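These notes concern the structure reproduced below.
Bear in mind these aren't lab numbers, they're just calculated from the coordinates by the rules spelled out. Just so it is clear, the model here is predicted, and its values are computed rather than measured. Don't worry about glycine lacking a Cβ; one is built from the backbone with ideal geometry, like all the others, and counts go over all protein chains shown.
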Amino acid sequence: MKTTRSARSRQATRKKGNHESTFVRNIILIGLPGAGKSTIGVILAKILGMNFIDTDILMQENTERLLQEIINKEGPAAFLEIEEETICSLDAYNTVIATGGSVIFSEKAMAHLKYGGIVIYLEISYEEMLHRLNNITTRGIVLNPGQSLREMYDQRIPLYEKYAEIRVDCSDEHFERIVENIVHEIKEMRRPS
C-alpha cells in the first residue's frame, strides 16, 4: 500500500523550534465513488475515538430525498449546490467526515472542510472503481450529460490530488489495513520535523 504526503502538508507541520504545529481538528476523506470513504470513515472514527459524518447521508436527511432522486429531478448543477450548502453548514469538531465523490467541484466547500482539518484522498484505479460500482443508476453519482465513467474518473483525479494532504492507495487492500496506514500517516504528519 502506498501513501504519500504533499510537500505542503509536510511544511504544515513545521514551526519555529521543535514543537508540533498541526492539530487535526477533523479528518476529511475524499475520493471516487467506491473508494470506501464511508466504511473506512466509520472504522477510523471508532479507532481514534472521533465522531463520524457522511455528507451524502446528511444531504439525504436535509432534503428528505435520495441522492439519485435529486440528480434525476433537479440535475447535476442543483445537486452540487445542495452538496456545497450542506458541507458549508457543517460545524464539526473531532470528526471523521466522509464526503461525496463530487465535493471537489466546490472550492468553497473544500476550503470549509480544510479549515482546521486534514484532507485524505483514498485512491483507487479506474478498474477498481468499475469493480466496486454495481449500483451506478441508484447511487447518486454526478455525471454530466453524456459523460462516461472513464471521463468522470479522468476529470476528478487532478482535483482529488489538488486538495489532498495525504494520499492512500486503497486498491486491493483490506479496510483495516488502510485505516492503520491512515493513522500512521497522520501521526507522521504531526511529528516535529
query: Based on Cβ point charges of +1 for Lys and Arg and -1 for Asp and Glu, what charge dipole magnitude is obtained for the stretch 3-190 about its Cα centre, in debye rounded to the nearest 20?
result: 840 debye
query: What spacing in nm lies between the two simple spin-label points modelled at Phe175 and Lys187, each 7 Å away from Cα in the Cβ direction?
result: 2.2 nm
query: At a Förster radius of 41 Å, what calculated FRET efficiency corresponds to the Cβ-Cβ distance of Glu69 and Tyr153, to the nearest 0.05?
result: 0.95
- request: Would you mind counting up the charge near Ala92? Only other residues with Cβ under 13 Å from its Cβ, with Lys and Arg at +1 and Asp and Glu at -1.
  value: 0
task: Starting from the stretch 90-132, pick out the chymotrypsin sites (Phe, Trp or Tyr not before Pro) whose DSSP state is loop and whose Cβ has at most 16 other Cβ atoms within 10 Å.
output: Tyr93, Tyr115
In range of the label at Glu161: residues from the stretch 117-132 whose backbone nitrogen is under 15 Å from the point 7 Å along Cα→Cβ: 121-126
query: What percentage of all Cα-Cα pairs in the stretch 87-164 are separated by more than 19 Å?
result: 41 percent
- request: Scan the stretch 143-185 for chymotrypsin sites (Phe, Trp or Tyr not before Pro) in coil per DSSP, keeping those whose Cβ has at most 11 other Cβ atoms within 10 Å, and list them by number.
  value: none
query: What percentage of all Cα-Cα pairs in the stretch 68-115 are separated by more than 16 Å?
result: 37 percent
field: Dipole of the stretch 3-190, positive end: most advanced residue of Tyr115, Pro33, Leu133 [Cβ charges, Cα centre]
entry: Tyr115
message: For a quick check: sort Thr99, Thr63, Thr55 by the number of other beta carbons within 10 angstrom, fewest at the front.
response: Thr63, Thr55, Thr99
task: For an R0 of 45 angstrom, estimate the FRET efficiency from the Cβ-Cβ distance between His131 and Cys88 and round to the nearest 0.05.
output: 0.85
query: Which log10 I(q)/I(0) values, to two decimals, does the stretch 3-190 give at q = 0.13, 0.18 Å⁻¹ under the Debye formula with one point per Cα?
result: -0.65, -1.26
